[in-house]
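None of the figures in this text is laboratory data; all of them are computed from the coordinates on show. Quick caveat: nothing in here was measured; it's all calculated off a predicted structure. Cβ atoms come from the backbone with ideal geometry, glycine included; neighbour counts cover every protein chain shown.
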Amino acid sequence: MSWKTVMNRHIPLYILTAATLLLSACTPLRPRASTKSPDIGWPRLTSDESAISLPALPSKSDPPSADQSLLEKPLTLAALKKYAVQKNPSITAAMAHVRAAQSHAAQVGMRPNTRIGFSAQQIGSSADIEQVGIAVGQEILRGNKRQLDQAISEHDINRARQILQSQQQRVQTDVAIGYFNVLCTQKRVELLTNIAHINKEATEAVEALFESKEVSKRDLLQARIESNTSKSLLQLAQSEHAAAWQVLAAVVGSTEIIDQPLVGDLDNAVDQIVWESSLEHLLANSPEIATRQASVQQAKVAVRRAQAESVPDINIQAILQHDNSIGAANGNLMVSIPVPLKNKTRARVREAEHKLIAAQQLVSALRLQLQQRLAPVFQTYTSSQQQITTYRESILVDAQESLDLTKLGYEGGEFSYLELLTAQRTYSQANLDYLAALQKLSVARAKIDGLLLTDSLQMQLEAGH
């Protein structure tokens, strides 16, 4: 029988097979429309995992929002934190990692695709004995592998959510630190401006006294030194104030806040906290620990997944074909499973078990690390608090009284001008040191309240880290 006769006889079957393969290759896989809850097909989250709200990610086509209400004067710490959480790009990146983990979990929960193909046997032999048809294959996963893979992915979602929470807290802590630094440098500028003004007037008065030969040139030189020193300190404070604004603007994500008035009081951070309660609160609420604990739970499921590898999967292949030798259709069925003679996956189970041990130990190590990180911050907090108490109760009071008495004595001719300068310098330095202690206290308290999570813009937010 000629090839032409063979082709003519089997053209309908060839066309049907080719059309089936073409449709299978060209038709994109889309999720089925469903009238059920839109959560079908997505991993279910626990109440703890759902605690963090995920706003919609920004689109390139979305117009930028100005949020002008935030920029109204004056600015509060709460408003700055809220704005920063919405606008900081590192938080948007962390949210994208959460959604990526959700998409991955949905993907791994799907069953393997059915395979379809074209089968031809006895090709090239006599057309009377050729067999052509359609082949369909399906892999059947056993040992709950698909469910275990999805459980592993759900812990990935939990870990990504904890990383998001960590990043949100980092941003809020950095905003608080920047806010207190701006307040402190602003008060420092105000104090030094007043000191510089007083020293300028004092220098002019001494120059007049020097012209009338009522004071020595030594007094004049000392007055000029004090005036120029206060000017230099004022310039330095103004530079530090501008830098503090730039740092705060970078964390908040808007340069429009620079030089706007801030509402707040540095004295709010002076209330007493103790080491034991601070450490307990840190260990109980740290999202860093929660992230490591999610890794432990994931490692436990990974051990079960490795053990499931010993359960062989089943491959089924069915062929429906036309047998020319009998002039009728028939079928073939093949079922196969791998025989674990050489690869029994024991090493993979041991690998998963050791990774579980490592994950558990990393949780313990992180607890010790957090205690280590808290120690110097808490020491700064307590020492600054002690300094502030000492300055409030004695040093500032004594410095003010000493300055007042020295002024009276200088006006009465009892004290020299150098003694008045010394009293003024002591008073100024005491107030500057008091501000520095307030700044250290406020920053340390912000770090403690922020669970030691800082440096939001320096974090490398890679997937799973």
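Residues whose amide H lies under 5 Å from that of residue 118, counting only those 5 or more places away or on a different chain, are 135; hydrogens are built 1.01 Å from N in the peptide plane.
Divide the volume of the convex hull around the Cα atoms of region 248-365 by the residue count and you get 267 Å³ per residue. When you count the other C-beta atoms within 10 angstrom of each residue and take the mean per peptide, 249-256, 410-417 line up highest first as 249-256, 410-417. By the Kirkwood approach, averaging reciprocal distances over each pair of separate Cα atoms, region 70-109 gets a hydrodynamic radius of 12.2 Å. Dividing the convex hull volume of the alpha-carbon atoms in region 91-229 by its residue count gives 210 Å³ per residue.
Taking amide H positions as modeled 1.01 Å from N, with prolines and chain starts lacking one, the residues under 5 Å from residue 76 and 5 or more places away or on another chain are 263.
Applying 1/(1 + (r/R0)^6) with r as the Cβ-Cβ distance of residue 389 and residue 207 and R0 = 35 angstrom yields a FRET efficiency of 0.25. Size descriptor for region 312-465, Kirkwood hydrodynamic radius: 24.2 Å (Cα pairs only, one decimal). Plainly put, region 285-353 has a radius of gyration that is 1.39 times its Kirkwood radius, both from alpha-carbon atoms, as the Rg/Rh ratio. Legend: Rg and Dmax of region 369-425, from Cα coordinates, 18.9, 62 Å.
With 26 Å as the limit, the listed pairs 300/344; 82/231; 87/187; 82/300 have 82/231; 87/187; 82/300 beyond it between alpha carbons.
Residues 182, 263, ranked from the fewest to the most other C-beta atoms within 10 Å, line up as 263, 182.
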